Amino acid sequence: MTERPAGFFTGTGMPDPQWWMALWPDPAQVLAAVGVSPGMNVIDLCCGDGWFTAPLSKLARKVKAIDIDAEMVEAARARLAENGGAANCEFAVANAYDLATVVQEPYDQEPYDHVFLANAFHGVPDGPRLARAVRAVLRPGGLFAVVNWYARPRETTPILGEPRGPATEQRMTLAQTIAGVEPGGLKFRNAVDVSPYHYGAVFERPS
């Protein structure tokens, strides 16, 4: 097994492609549900192998996909190429906490409208710290979407016949997610169901 990079969030990882497809058959629909709309500048934070990056590139005006794992970034880059590529998408290998530093590159001449984070917040050791990093790159009124597994026992979330997702004790209720984000300066706006096993919590940078 490949050694995980220092700073890799606890209990997060990239699943087998077959059950990724079973879980998220329409990633574009998930993106729309959590507030991504055409013409936005979007960060795909902890992008993994790019399952959401490719549809983001078709929806957004500009996408920056970031992951701490260089192998995952290359996989995301390859997935995007398989889907026709996109001139509006840039990749970076970086720690999510360092988000504000990463987006100071020439590609980023304006604040972002949306930061999208899926299947990773349950492993973040310091939620408010991450939220502060996100807040620093969002425009006033910009959105931060956290897609999390529902706080249900792992054995009750089977995909293709096997229990999947993080350990039961790592899963977060909506209230726990809100408590992990709002101290970082973002205000909870709404929550939506985005799969049978996931909710999307949407936060806003106050203006």
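Got at least one residue in region 79-92 being surrounded by 13 or more Cβ atoms within 10 Å (Cβ to Cβ) and at pLDDT below 90?
The initial filter retains those residues of region 79-92 that are surrounded by 13 or more Cβ atoms within 10 Å (Cβ to Cβ), namely 79-80, 83, 86, 88-92.
Narrowing the set further to residues that are at pLDDT below 90 leaves 83, 86.
Looking for residues that are surrounded by 13 or more Cβ atoms within 10 Å (Cβ to Cβ) and at pLDDT below 90, one finds at least one in region 79-92, hence yes.
Please pick out the residue among 173, 177, 156 that is touching a Phe, Trp or Tyr at 6+ places or on another chain (Cβ under 9 Å) and without any contact (Cβ under 8 Å) to a residue 12 or more places away in the chain.
Step by step, each of 173, 177, 156 is checked, and only 156 is touching a Phe, Trp or Tyr at 6+ places or on another chain (Cβ under 9 Å) and without any contact (Cβ under 8 Å) to a residue 12 or more places away in the chain.
From the residues in region 1-30 that are surrounded by 14 or more Cβ atoms within 10 Å (Cβ to Cβ) and more than 16 Å from residue 49 (Cβ to Cβ), which one is modelled with the highest pLDDT?
That would be 28.
Within the set of pairs 6 or more residues apart or between chains, which connect a residue that is closer than 16 Å to residue 204 by Cβ inside region 25-40 to a residue that is part of a loop (DSSP other than H, G, I, E, B) with Cβ atoms less than 8 Å apart?
Once the first residue is closer than 16 Å to residue 204 by Cβ and sits in region 25-40, its partners that are part of a loop (DSSP other than H, G, I, E, B) give 36/60; 40/60; 40/61.
So in region 67-84, with the set limited to residues that are in a loop (DSSP other than H, G, I, E, B) and in contact (Cβ under 8 Å) with a residue 12 or more places away in the chain, which one is farthest from residue 20 (Cα to Cα)? So that I can check it myself, show each step before the final result.
Our first condition is that a residue be in a loop (DSSP other than H, G, I, E, B); within region 67-84, this holds for 68-69, 83-84.
Okay, now just the ones that are also in contact (Cβ under 8 Å) with a residue 12 or more places away in the chain, so 68-69, 83.
Working: 68: 20, 69: 18, 83: 17 Å.
Filtering region 67-84 for residues that are in a loop (DSSP other than H, G, I, E, B) and in contact (Cβ under 8 Å) with a residue 12 or more places away in the chain, the one farthest from residue 20 (Cα to Cα) comes out as 68.
Considering only residues that are over 17 Å from residue 76 (Cα atoms) and touching a strand residue (DSSP E or B) at 6+ places or on another chain (Cβ under 7 Å), which ones fall in region 32-44? Working first, answer last.
The initial filter retains those residues of region 32-44 that are over 17 Å from residue 76 (Cα atoms), namely 32-41.
Those that are over 17 Å from residue 76 (Cα atoms) and touching a strand residue (DSSP E or B) at 6+ places or on another chain (Cβ under 7 Å): 33, 34, 35, 36, 40, 41.
For region 109-120, state whether one or more residues are touching a Gly at 6+ places or on another chain (Cβ under 8 Å), among the acidic types (Asp, Glu) and in contact (Cβ under 8 Å) with a residue 12 or more places away in the chain.
yes
Being exposed (fewer than 14 other Cβ atoms within 10 Å of the Cβ), over 24 Å from residue 23 (Cβ atoms) and in contact with a strand residue (DSSP E or B) (Cβ under 6 Å, 6 or more places away or on another chain), is that true of even one residue in region 104-117? First the steps, then the outcome.
From region 104-117, those exposed (fewer than 14 other Cβ atoms within 10 Å of the Cβ) are 104-107, 109-110; that's our starting set.
Next cut, over 24 Å from residue 23 (Cβ atoms) only: 104-107, 109-110.
Applying the additional criterion that residues be in contact with a strand residue (DSSP E or B) (Cβ under 6 Å, 6 or more places away or on another chain) yields 107.
Yes: one or more hits.
Among the residues of region 179-207, write down those that are aliphatic (A, V, I, L, M), closer than 15 Å to residue 123 by Cα and crowded, with 18+ Cβ neighbours inside 10 Å.
Within region 179-207, just 181 meets the criteria.
The values are calculated or read from the model by the stated rules, or taken from the named source; none is laboratory data. Only a predicted model underlies this, so the values are computations on that prediction, with no experimental measurement involved. Positions of Cβ are backbone-derived with ideal geometry, glycine not excepted, and every protein chain shown enters the neighbour counts.
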